[in-house]
Amino acid sequence: MKEEEDEIEDWELEYWPHSYSYEELSEATNGFSKDELLGTGGFGKVYKATLPNNTVVAVKCVNHDSKQGLREFMAEISSMGRLQHKNLVQMRGWCQKGNKLMLVYDYMPNGSLNRWIFDKPKTFLGWDDWRKILADVAEGLNYLYHGWDQVVIHRDIKSSNILLGSDMRGRLGDFGLAKLYTQGEVPNTTRVVGTLGYLAPEQKYTEICPKR
């Protein structure tokens, strides 16, 4: 008996990125083999995948049972699917099968900046490399704030979300906590989000003990 196809949600029709089949991504990752595992984070696991045309991509399998859940998955699709800049990790497409949620990105062969800081790298970045990476991230943020029809606030800038391409240039990724606002609109958020250690301490303190 043929397996019943997943129903297409309304939000799936709004975004241009290509929809991959689950079977296609499973084959490209050798059945989501641990040998293809690039890393694990709060959103789930990321695998290296080789498509039939020999294009290498990264596949993020979103953990639907995590606190981030489907809402953040949809936020990442709605933002990254339409953003294009040389200092942002480009989203290539997505896949949904039941409660299995996946995002497909350009593969960054030199991993995250976190790896070059905390994972005891065999080679070290020079001052010129650091300067270029910082400038790359700044350019990406400038585009998010001023270069698009909406303002995109990332809300989770940290070393593990800065990816390095083959040229060792920095690209900002992971938009699962991003918020979009109309240009000129005053952001209205009710809570502080992000990763402890990368947030200014006074932000958390202000949230707990607001001024009277």
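Exactly one residue out of Val46, Val57 is at pLDDT 95 or above, under 16 Å from the mean Cα position of the chain (by Cα) and buried (at least 18 other Cβ atoms within 10 Å of the Cβ): that is Val57. The combined condition, being under 22 Å from Lys48 (Cα atoms) and either exposed (fewer than 15 other Cβ atoms within 10 Å of the Cβ) or of a type in the set (Gly, Ala, Ser) (or both), is not fulfilled by Asp174.
Selection of the range 121-166 for residues being closer than 16 Å to Gln84 by Cβ, aromatic (Phe, Trp, Tyr) and in a loop (DSSP other than H, G, I, E, B) yields only Trp148. Beta carbons closer than 6 Å, at least 6 apart along the sequence or on distinct chains, pair a first residue in the range 171-186 that is at pLDDT 75 or above with a second that is of a type in the set (S, T, N, Q) for Arg171/Asn87; Gly173/Asn161; Asp174/Asn161; Phe175/Ser79; Ala178/Ser79; Leu180/Gln150. Under the condition of being surrounded by 12 or more Cβ atoms within 10 Å (Cβ to Cβ) and within 26 Å of Val57 (Cβ to Cβ), the residues counted in the range 122-134 number 4.
What tally of residues in the range 90-133 results from selecting those that are closer than 17 Å to Asn161 by Cβ, β-branched (Val, Ile, Thr) and modelled with pLDDT under 95? Counting residues in the range 90-133 that are closer than 17 Å to Asn161 by Cβ, β-branched (Val, Ile, Thr) and modelled with pLDDT under 95 gives 1.
Residues checked against (1) outside any strand (DSSP E or B); (2) closer than 30 Å to Trp148 by Cβ; (3) modelled with pLDDT of 70 or more:
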site: Ile8; (1), (2), (3): yes, yes, no
site: Trp11; (1), (2), (3): yes, yes, no
site: Thr40; (1), (2), (3): no, no, yes
site: Asp65; (1), (2), (3): yes, no, no
site: Met74; (1), (2), (3): yes, yes, no
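Take the conditions (1) exposed (fewer than 15 other Cβ atoms within 10 Å of the Cβ); (2) assigned to a loop (DSSP other than H, G, I, E, B); (3) of a type outside the set (S, T, N, Q); Ile117 misses just one of them, which is (2). Within the range 128-185, which residues are touching a Ser or Thr at 6+ places or on another chain (Cβ under 8 Å) and either hydroxyl-bearing (Ser, Thr, Tyr) or assigned by TED's automatic domain parsing to the domain that holds Cys61 (or both)? Within the range 128-185, Ser159, Ser160 qualify.
The values are calculated or read from the model by the stated rules, or taken from the named source; none is laboratory data. Everything quoted here is computed from the prediction, not taken from an experiment. Cβ: placed from backbone, ideal geometry, glycine included. Neighbour counts: every protein chain shown.
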